[in-house]
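Enquirer: Encoded as structure tokens, here's the structure I'll be asking about.
The values are calculated or read from the model by the stated rules, or taken from the named source; none is laboratory data. None of the values given here were measured: they were computed from a predicted structure. Because the Cβ atoms are built from the backbone with ideal geometry, glycine has one as well, and the counts that use them run over all protein chains shown. Please note that ligands, DNA and RNA were not included when accessible areas were found on the heavy atoms of the full protein model with its side chains. Shrake-Rupley method; radii C 1.70, N 1.55, O 1.52, S 1.80 Å.
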Amino acid sequence: MHVQWVLVVIKTRVADAIALVQLEGFESRKPSQLSGGQQQQLAIGRALVARPDLLLLDEPSLGLSPMLVDEMFALIGELNGEGLSILLIEQNAVQSLEAADRAYIIEHGVVAMSGPAAELAGSPDLRARYLGERPFRSATDTEVLLGLYELFGLKCLDLLIGDFAVAILD
């Protein structure tokens, strides 16, 4: 009797996980027959069957198309919204910071920055160091760029001044 009860619990958990990761209708397929995104969803579903308090995701967007990356982050947000704590290790800094409550930026094995994700996402230092954004250093740079843009009537101006790059598109 106990074995039957365990089997019912397992089947229920598997069905719940399949529904949560949106893989209904794919139950008969082998993992190798699934797309990259579906394989990632399957891996998450497999972990969810155990009903963890904490889900560790290591590079879940690796190798996925941009559309599948968006779907993966939507799933991560949904799971977190349902109360599941998630430790996300990810190089997609922009979407990770949008999804996270707290962030830790690790550089060469050392925590380089930490804090509320929204605060870090707005940090000029983080944006310059990890997202490649470089702010203008002075109004003079801006004036030079706009002057060149107007002088040549360019549709696109792409310049390197000092240690930052600027592109102006018309």
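Enquirer: Modelling each spin label as a point 7 Å along the Cα-to-Cβ direction, I'd like the S85/L7 distance in nm, to one decimal.
Expert: Here the modelled spin labels are 3.6 nm apart.
Enquirer: I've got another one for you. Rounded to the nearest percent, how much of the accessible area of region 1-100 (1.4 Å probe, protein heavy atoms only) is carbon and sulfur?
Expert: Its accessible area is 58 percent carbon and sulfur atoms.
Enquirer: Let me ask something else. Rounded to whole Å and sorted largest first, what semi-axes of the equivalent ellipsoid does the C-alpha gyration tensor of region 13-105 yield via the square root of 5 times each eigenvalue? The partial results should precede the final answer.
Expert: Values: eigenvalues 94, 52, 20 Å².
Equivalent-ellipsoid dimensions as semi-axes: 22, 16, 10 Å.
Enquirer: Taking the solvent-accessible surface of protein heavy atoms with a 1.4 Å probe, what is the per residue accessible area of region 20-74 in Å²? All intermediate terms of the calculation are to be shown ahead of the outcome.
Expert: Numbers: 3430 Å² over 55 residues.
Solvent-accessible surface per residue comes out at 62 Å².
Enquirer: Evaluate the distance, in nm, between pseudo-label points positioned 7 Å from the Cα of A93 and of V49 along their respective Cα→Cβ axes.
Expert: The answer from the label model is 3.8 nm.
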